[in-house]
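No value in this document is a laboratory result; all are computed from the given coordinates. All values derive from a computational prediction rather than experimental measurement. Virtual Cβ from ideal backbone geometry, glycine too; neighbours counted across all protein chains shown.
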Amino acid sequence: MNTNREKHWLLPVVRSGIQAGVNYPKTVLFAGLLLMALLVAGLGQLHKDTRADAFLEADNPALVYKNKVREIFGLSDPLIVAIYDRSAEGIYRKQTLDLIGQLTNQLNALPMINTARTISLASENNITASADGMVVAPFYDLRSTGNGAAVRQAIEDFPLYHGMLVAEDGAMSMIVLELYDDNQAEAAYDAINKLLQQTQVPADVELHVAGEGAVLGYLGHYIDHDASRLNPLAGLIITIMLMVAFRRLLPALLGNLVIAASVLMTLGFMAYCGVPFFVITNAMPVILIGMAVADSIHIFSHYYEMQARHPDWSLQACIREAVAVMARPVTLTSLTTIAGFLGLYASSYMPPFEYFGLFTAFGVLVAWFYSLFVLPACITLLKPRVSQRWIRLEQNSQQDTFARLMTFVGGSCVRHPRVTLSLFAFLSISGALLATQIQVNENRINTFHSSEAIYQADEVINQHLEGTNTLDIVITSSRNEGIFSPQVLNAMEALQTYAETLPHVNGSSSVVDYLKQMNKSLNEGQSDAYRLPQDADLIAQYFLLYSASSDPADFSEEIDYDYRLANIRLNLDSADFIATKPVVEALQQYIDQHFNNAVSDEEVTASLSGRVNVNYHWIKDLGVSHFYSVVISLLCVFLVSALLFRSWAAGLLATLPVICSILTVYAAMALLGIDLGIGTSMFASVAIGLGIDFAIHTLERLKTLVADGLKGSGLFTELFRSTGRALLFNYLAIAFGFGVLISSQVVPLTHFGTIVVLSVSMSFIAAMTLLPALIVLLQPTFIFGEKKASEASAIAAEKHVAGSTVLTLLFATGLGAAVLYGALLYGAVHSQSLQAAEVVNTETLATLTADDIVQRVNAVDDGQHVSSQLSMLLTDSRGKERRRETMSYRKYFGDDKKTVFFYKSPANVKDTGFLTFDYAAADQEDDQWLYLPALRKVRRISASDRGDYFMGTDFTYEDIKQNGHISIADYQLQRLPDDDGKLMVKGTPKTTAIAQELGYGEVTFYIDPQNWIVVKSDYLDIKQVPLKTVQVTDIRMVDGIWTRHQLLAENHISGHRSLFIFSAVDYQQDVADHLFTQNTLRRGL
Amino acid sequence: MNIRQQLRQQLRQQLRQQLRQQLRQQRRQQHRLSAGAFTLILLSSAAHSEFSSELSSELAWSDAPAALSKAEVQLQSEWQYRTANTSFNLQPRLRADFSDTLYAEQPTSRTDNYPAGSLHSSGPLAQWDNVRFDIAEAYADQYFYGVSLRSGKQQVVWGQADGLRVLDIINPQDMREFNLPDAEDSRIATWMLNAHIPLPNEQSLQWLIIPDLTFSELTEPGTAFAITSPELAPQPVAGVTVNRLPTRRPEGSDWEHGLRWSAFLAGWDISASYFNFYHDTPVIYRTLNTGGNNLQVDVEAVYRRSHLLGLSASTAFSSVVLRLEAGHTSRAFFLRDDLQSNGISQSPELATVTALDYQAPADVFVSYQFYQSRILVYRPQIIRREISTRHTLLLKKTLLNDTLELSFFALLNRDYNDGQLRSKVSYQLNDRWSLWSGADYFFGDRAGPFGQFSSSSRILIGWQNAF
């Protein structure tokens, strides 16, 4: 079989196929235009979907449930109109109250507003007491009496509305509006704004519109507006660039044809497929513009170059040659870019991202087709002639500034390959490390520029009221009227109380609040009657009474018709993912642990719903998805490059510059404080798709040049002078194209533009510097052929050791960075959620058993982390003193606790360090390490000798570890009679083995019930001889935590005493994780 | 151009080159001094600096020729200066030995082990007959985004073994008292970049770049611990003249570098390391030179490069700590009993250490280590055994709240059945003063690496004052 590829039968077929555009220009052009017309025709059917819900699959449980809840309670994402009155009286001024009434009526008159659901001071009812029971009457009715003071009083007497409907300082009130149909959000937002603009407002009054409904309404318009400004701008810039580059209009026009084909056909195809235009789809045209123009530039440059170089050739020969030469690189780069975007498709879990990957890949394919076939067809037909200026320029270009610049920069890197490599290794490591600072976060309000009214409205409303963001908790009981059960209502109240302790949750409302208000009003308005009635029948009667006074549909948002389902709505002042994530997770944990089994006699469950919950569900996997998309895209481009060059080394080399660029982007994101959100998370695939081209062109060109017989420095000089210069223009075109995005008003797009420009810049720089440097060092066979390898002598091999080591390190770093980053994202997603607060019963001290007491002792908060200075004063029986100064740190990692001590003085123990990992799992032994400066080594020490004395003190390792707690696993506990107000508990080791380990035969603990701290312990040794006494004094509250400041241990046998004095105790200042590592132990503080 | 002109031109060129080199060196020295002075001024002006010193002295008497074999006084200071993210540490050290047995009066090749261009920064800053002033350590610590970078002259210890150098070969050693001093004192700190990169899940990477090619300081012939074991030093042959050629150090600016991955997994501290290094002791090549009347052997010491792949692990089971260490050296060099291949055989070497520490009740600590090294491509002409085996045992007890410490150490080298026994009593009088006394006894075949020092067995007393 003929193995020579040059003579493969397929080759002529491929060759003639590639020349189709030149050979049959009219047919190809016709086919191209027909295809274009067909697909573009579909554009009309394209529809927009800017909903946040669009980011989840329609069958996602969170979304399905949210929609179900919406049906039951009629809840939707509200639009909030806030009335902000800066005057002294606030909104209780008459004019303002009038305005609220007027606005409520006008807003309710809008056709898309679901009037029944409007909440406003002008429409809500007050519940008060009267002689014959309960009066339900609008707050607004009180307006006429007392100049608003009555309204103020009524609101302040109704805790539910105080803070929710009217700000606690009285400066703001809101009208909450809901729509019949979310799809009318844009129209509603426009109408409301128009209405507000026409409204005459009293002095000192401002009107604001915000809320998720408003965001939804404005976002579509905002993005459209932005896109309609950006896309032409990108096109214009590209056109200007093409004109400047070729000094002719035609290349610019033909370039735009390719662009138009690629962008419009892709969008048309999307429409045919029924895929909507999502928020992120806005970035697609710009990306395609960048890709398409790069291909056209390459074809045109070569075509003109042929004309300039071979004036005797026919124009058709020139274009034929241009196509023949450029077909391979253009195809290669298109394939790798497609691979990058398909990587995004494969790794995404959100439909908009999947479609983005898939259709951008399609667009790149279209650009490839039009550049390689339709463009040559047009050139063949139109026969554009190169401008003389261009020829002159081209002839001079070999020495022009750009060529000189590229030769200089590239040449320097090739001459000092190791320096280049080290530099990139350094950059990559920095990037990898900075990447740990990036956080996954998203907040739709941040889509808007901070100067936008909606952004400011959101800010001002969140400042004054309970918040514009809603999280719903749906309570489902198993039978009708199940919600009437006092047990259920108590559990709901506890849940609400717990929820309000969570950060950013500023208020909650449910049927519980109404019932409490009703109970209060039926008890003569006594404030201590603001509680839940504890009788199911009474509760049912309350509702009956209410219905006698007002419309029972008032509760439709809180409870369903059958009283089987209830809703608790929480108001949050932030929609930031990082702010809402702990809330959602803490609530879910509380519900699982405390709510779902709270009621014994019937099955009641609670489920989270609402906007914040849906957002949590789609953003929580964003980090992981991003990570997978990076890995898969990298893998795709690696495989495609390896396949194209038939060399694994080529795959690796082509991918390296892209890895560098991605790491640089992470560094930049961390430094610029850009979060990983929807807009920014897709940068990597784009960066990989675009960045890989530079490396491919470089490798391809080098291969050709080597095949042409160039070697040594001449090889690289030629590379930088020709391809380097061309790639510089290619890079500038893309950078300018994406640079346009930076000017976008849509903040995520600005960020996206910034980081794509940065990553493309870095890919370009790396392809021009790092790649040649690596090639110099490694002399890969896929470029230089097998010959080189056999020439290499043993000495040369030894010399390459350093180079290959650096390379190994570089790869290791890349890999390390990936692992690090993966772990970071994993950590971000699975980070510790807030602990559910324990409810403490107030039993009398006398009834407490020993176990109860110890449980309370062990439950004393010792802070999530603490740092303190510890002075140890050790005195022997003769009064000889030794003093040690240490710094100690403790931190919880989940339930596991890590503690570290660093000795600061005296000189003979200075730099000694001691590190302990104390595991929550009872069967897992602690891990301990000691650093002894004389050995310069961290030594593992066994932890089972817990009865040994700690560093020459009278405290054992176990004493230090327990840190004031009492180990239930070790002791049999028995309560003794109280001693001077202190509770006494005797602990006897459960087994002789434990007694041996601890060195104690019996311990008596004295506990102060005020703070549950063990203030004194008496220890007997195994022979029941008094061994030592530990006394705790100077117990002070630090940062809300009872803290022991002095511990004195006196050994009755040796007469030795150890006094521990803690100072500078700080629970606030964060304690860095790295303190608890062997490395820090070794290096000291 | 005639020959004379050519010669003259060559000579002129040579002179010019020499002069230029001298000037360059002078300038470099000046720069270094001024940089040092500037740093000192900067440091002394700083408020966040700490200064502490230790003055110690040790006297030893050897048994065979009953004589004072060590009379050392050492002053080591430590100067620390901290800023928010950086801390500097400078440890100048002054050492003097008045016994005349540890240091030769006329050092012949003492400074060969330091890079010629930077003798003073790497080796002694100043040296008189028995007195030496040097920088024990000098480094800056920086933390940025979790990475800690220690750059400067420092000691880095890899591996889990105590006193048995398998992976602990990052720093060269001062061999003038063999293995008797504390590891901290015998390691020679070298200039390097030491970056520590934390990875998730208790993993980390350590990356070393060591541009400073300082090698172990060897003993001079005639001093107490001069090496005579045929396994380590070529034996003179009667009637054969030895022609000692200058030591061949690596040319150019060749660097050492290492990478270590460490992790804490399921209770195990594990690490895997790679070190690209020069052996700290030179390979002694011998070439028989039969030209002329005399039978002459040209002896040339050459520093050679190698790779070390290492693994180490340790964990605690109840009161026992298990420590493991293994190192594969790609190129180790062994003396042969003939002059074939210039008297040296090259082979990969695999060395392992298995150690058990037991924390017994009553503050007693027992540690046993088993060391074995195998020459992987063994030839019968190699003097060392194919498998070399050593056992060590350490017993230690602390009393009186860690103020009194008794220790006993035994080492048995199975190759020659030689070894050493050491005992020490140390007492910490108070925070400032500590005293000690001990005995170091070498036994066994004089051909063995320990037995060779049989006559250097000694008893000693010492004190230290910290201030």
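Laid out as a table, the results:
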| quantity | calculated |
| --- | --- |
| DSSP-defined beta bridges in chain A - what % are antiparallel, rounded to 5 | 95 |
| Sorted by Cβ density within 10 Å, fewest first, the residues B:Leu55, A:Leu570 | B:Leu55, A:Leu570 |
| Cα→Cβ-extended label distance, 7 Å offset, between B:Leu339 and A:Asn231, nm | 8.8 |
| Euclidean distance between Cα centres, region A:1061-1085 to region B:345-394, Å | 37 |
| Cleavage-rule hits, trypsin sites (Lys or Arg not before Pro), region A:488-589, DSSP coil, Cβ neighbours within 10 Å at most 15 | A:Arg531 |
| Filtered chymotrypsin sites (Phe, Trp or Tyr not before Pro), region A:933-1009: DSSP coil and at most 15 other beta carbons within 10 Å | none |
| Order of B:Val321, A:Val64 under a 10 Å beta carbon neighbour criterion, fewest first | A:Val64, B:Val321 |
| Separation of the A:Arg404 and A:Asp876 label points, Cα + 7 Å toward Cβ, nm | 8.1 |
| Relative contact order %, chain A, counting alpha carbon pairs below 8 Å whose residues are six or more apart | 12 |
| Under-5 Å amide H pairs with B:Arg304, H placed in peptide plane, nonlocal only | B:His279, B:Val283 |
| Of the DSSP H helices in chain A, those whose Cα atoms cover at least 24 Å axially and whose Kyte score averages -1.0 or more | A:212-246, A:249-272, A:283-309, A:315-347, A:351-369, A:417-435, A:622-645, A:648-672, A:683-707, A:725-742, A:747-768, A:794-829 |
| Sites matching chymotrypsin sites (Phe, Trp or Tyr not before Pro) across region A:501-578 that sit in DSSP coil, with at most 13 neighbouring C-beta atoms within 10 Å | A:Tyr561 |
| Debye equation applied to the C-alpha atoms of chain B, log10 I(q)/I(0) at 0.06, 0.13 Å⁻¹ | -0.31, -1.54 |
| Relative exposure of B:Arg24, A:Arg444, A:Arg229, judged by other C-beta atoms within 10 Å (fewest first) | B:Arg24, A:Arg229, A:Arg444 |
| For region B:396-401, 3J(HN,Hα) per residue [Karplus equation, 6.51 cos²θ - 1.76 cosθ + 1.60, θ = phi - 60°, Hz, x = Gly/Pro] | 9, 9, 10, 9, 6, 6 |
| Distant alpha-carbon pairs in region B:235-378 (separation over 19 angstrom), percent | 66 |
